[in-house]
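Undergrad: Below you will find the structure I want to go over with you.
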Amino acid sequence: MDLEQQLQLHFGYGSFRIGQKEVIQALLSGEDVIAMLPTGTGKSICYQLPALLSSGTTLVISPLLSLMEDQVQQLRSDGVKGVIAINSFMSKDDRETALRKLHTYKIIYLSPEMLQVAFIQKQLAKLVISLFVVDEAHCISQWGPDFRPDYLRLGQIKELFGNPPCLAITATATRGVQEDIRAMLLMGRPIYLIYSVDRPEISYRVEHCETVQAKIERVQQLVETLNGPGMIYFSSRMWAENVASLLKRKGVLRVAYYHGGLATEDRLLIQQQFMNGQIDVICCTSAFGMGINKKDIRYVLHFHYPIELESYVQEVGRAARDGQPSVAILLYCMEDRGLVNMLLERERLSDEQLKQLLHTVKMFNFLKAGDERVLLDQIGCDEITWRTIRYQLEAKGVLQKERVKSFSVDAVFCRVREDEQERYQQKQKNLELFLRWIRTNTCRRKRLLLYFSEELNYQPMDCCDNCGATLKQFQKTKSAQESVSLRTWKETLVDLFGQSDIARK
């Protein structure tokens, strides 16, 4: 089979990017594959093309609803009609209709949580599953940056569907995380296709600010002087909203904020506006970005730094997907450490909360979905924390599906705390490694690659600030900066309401 010809036929591309063809060939040969390809290299093609070339149905397990919707819409615009995402965006009627027509779809996107639903598993088991894909596979590892407990059950579900060839694909995975992925997905002898995380077109820069106010002023200066579009990452919803408002007051009109607290419709609207070039700057939390395939992002700023290098690599990887130079700038001050420590502690319940939760669970013979909601409200526990604890209770035999087995609260409390402490210590270790990268006075690219057990073979001209790179080539010309202040009132209205609305007025 001529894969280049098929690529051109289905997606209009004349050639493969790094790693794509090798992954596709292995999957079409029936192999299990663990693939790590750098962000921006078109990982979705690695499973979308073999899905179209296989006789059965491909399941794609994806962590973000917006990511699923984006990929479904892109496939449909490419002429692929037999694709659907089954998620909470759908109405009950639409979901029931889709489940009755599952056999008509070539590619089905699901979240790991949706795949836990027994009825959905039963309907999928009636199909011939030709390929089982785990996207953003680092989420399956408890040592990965975006650990999702529901990913840990995917190995058993894969076997329920006849153990089809499996692709676990991600942009960042240390060797320990790769081994975790293999074990959790019950892979025997997978093919490892591991490519460099390096993005030579991205220049790295870290700037120390004396105070938080100095950081705010520096962000404003950078947004006004750097070529866009750009993204600014925050660890707090409040900070994302406040800085977006500040930039608007300072005359940056095409700016918006994005975080998980927004209504679904608002998130989708902002995402589409950014993708379509109607917004120049996004102030966002980590909820925005995964799978966002905007090719011309010229800068990624970090107002707050994440708690590990893997997340940082994922987030700056939104830039330069068109292969043109872009810059990643991290701003930090001493006050940031308190926020980072708070984020580390936020995932853990207090001793009193955990014991109260265990005592409440023990009162149930069966713990159903409605009971879980009441339980979380009583304890003051968020869903992410509960899912982690629930998985621990299942692993320890306390919960068997919905059935609650007899257990000692004190004994289980101690074992849960031991597991939590192990994860907490690993996160502290990852944070310290990241802080060393922030403070280093040697080549940042070399240190980053070393974290992923790689060597630097090629040093680009604008490598990093420690290697002499400056911001000059990323800045607007003086005339471009002046033109921003000369926008007419009509142009401003078009930004706010769209051309068609202005024409009707």
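Undergrad: Does the stretch 135-154 contain at least one residue that is small (G, A, S), assigned to a helix (DSSP H, G or I) and surrounded by 19 or more Cβ atoms within 10 Å (Cβ to Cβ)?
TA: First pass over the stretch 135-154, keeping only residues small (G, A, S): 137, 141, 144.
Then keep just the ones that are assigned to a helix (DSSP H, G or I); that gives 137.
Now drop any that are not surrounded by 19 or more Cβ atoms within 10 Å (Cβ to Cβ), which leaves 137.
Checked against the condition, which is being small (G, A, S), assigned to a helix (DSSP H, G or I) and surrounded by 19 or more Cβ atoms within 10 Å (Cβ to Cβ), the stretch 135-154 yields at least one hit.
Here's the yes/no breakdown for (1) within 25 Å of L152 (Cβ to Cβ); (2) modelled with pLDDT under 90:
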site: Y305; (1), (2): no, no
site: E345; (1), (2): yes, yes
site: T360; (1), (2): yes, yes
site: M363; (1), (2): no, yes
site: D371; (1), (2): yes, yes
site: C381; (1), (2): yes, yes
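Undergrad: Find the residue count for the stretch 442-465, including only residues that are more than 18 Å from V316 (Cα to Cα) and either crowded, with 17+ Cβ neighbours inside 10 Å or modelled with pLDDT of 95 or more (or both).
TA: So the answer is 1.
Undergrad: Something else now. Restricting to the stretch 326-339, and then to whatever is at pLDDT 85 or above and surrounded by fewer than 21 Cβ atoms within 10 Å (Cβ to Cβ), can you tell me which residue is nearest to P200 (Cα to Cα)?
TA: Only one residue fits best here, namely Y332.
Undergrad: Answer yes or no as to whether R348 is in contact (Cβ under 8 Å) with a residue 60 or more places away in the chain and outside any strand (DSSP E or B).
TA: It is true that R348 is in contact (Cβ under 8 Å) with a residue 60 or more places away in the chain and outside any strand (DSSP E or B).
Undergrad: Does K294 qualify as being touching a residue at least 24 places away in the same chain (Cβ under 8 Å) and within 21 Å of Y312 (Cα to Cα)?
TA: In short, yes.
Undergrad: Are any residues in the stretch 447-478 over 24 Å from the mean Cα position of the chain (by Cα) and in a helix (DSSP H, G or I), and if so, which ones?
TA: D465, N466, C467, K472, Q473, F474, K478, listed by residue number.
Undergrad: Check L37, L65, L27 and return the single one that is farther than 27 Å from E454 by Cβ and touching a residue at least 12 places away in the same chain (Cβ under 8 Å).
TA: Values: L37 fails: farther than 27 Å from E454 by Cβ; L27 fails: farther than 27 Å from E454 by Cβ.
Of L37, L65, L27, the one residue that is farther than 27 Å from E454 by Cβ and touching a residue at least 12 places away in the same chain (Cβ under 8 Å) is L65.
Undergrad: Of all residues being hydrophobic (A, V, I, L, M, F, W, C) and closer than 23 Å to Q74 by Cβ in the stretch 232-262, which is surrounded by the fewest Cβ atoms within 10 Å (Cβ to Cβ)? Just the residue, please.
TA: Checking each candidate, the answer is L262.
Matching residues to (1) among the polar types (S, T, N, Q); (2) under 29 Å from F288 (Cα atoms):
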| position | (1), (2) |
| --- | --- |
| C333 | no, yes |
| M363 | no, no |
| Q378 | yes, no |
| R387 | no, yes |
| K405 | no, no |
| D410 | no, no |
| R415 | no, no |
| E418 | no, no |
| Q428 | yes, yes |
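Undergrad: Let me ask something else about it. Considering each of G323, G380 in turn, give the residue that is surrounded by fewer than 17 Cβ atoms within 10 Å (Cβ to Cβ) and within 30 Å of F474 (Cα to Cα). Let's see the steps before the verdict.
TA: Values: G380 fails: within 30 Å of F474 (Cα to Cα).
When all the criteria are applied, what remains is G323.
Undergrad: Now, a different point. Evaluate the following for I181: is it of a type in the set (A, V, I, L, M, F, W, C), within 21 Å of V133 (Cα to Cα) and in a helix (DSSP H, G or I)?
TA: yes
Undergrad: For V340, indicate whether it is in a strand (DSSP E or B) and within 25 Å of E217 (Cβ to Cβ).
TA: The answer is no for V340.
Undergrad: Moving on. Which ones in the stretch 383-407 are more than 20 Å from R153 (Cβ to Cβ) and surrounded by 12 or more Cβ atoms within 10 Å (Cβ to Cβ)? So that I can check it myself, show each step before the final result.
TA: Initial filter on the stretch 383-407 (more than 20 Å from R153 (Cβ to Cβ)): 406-407.
F407 - this is the single residue of the stretch 383-407 that is more than 20 Å from R153 (Cβ to Cβ) and surrounded by 12 or more Cβ atoms within 10 Å (Cβ to Cβ).
Undergrad: Which residue is farthest from the chain's Cα centre (by Cα), if the candidates are limited to the stretch 3-25 and must be surrounded by fewer than 20 Cβ atoms within 10 Å (Cβ to Cβ) and not in a helix (DSSP H, G or I)? Walk me through it before giving the result.
TA: Step one: of the stretch 3-25, the residues surrounded by fewer than 20 Cβ atoms within 10 Å (Cβ to Cβ) are 3-18, 21-22, 25.
Keeping just the survivors that are not in a helix (DSSP H, G or I) gives 12-18.
Values: G12: 26, Y13: 25, G14: 28, S15: 26, F16: 24, R17: 21, I18: 21 Å.
Here the answer is G14.
The values are calculated or read from the model by the stated rules, or taken from the named source; none is laboratory data. It should be emphasised that the depicted structure is a prediction, and the values quoted were computed from it without experimental measurement. Ideal geometry is used to build each Cβ from the backbone, glycine not excepted, and the neighbour counts take in all protein chains shown.
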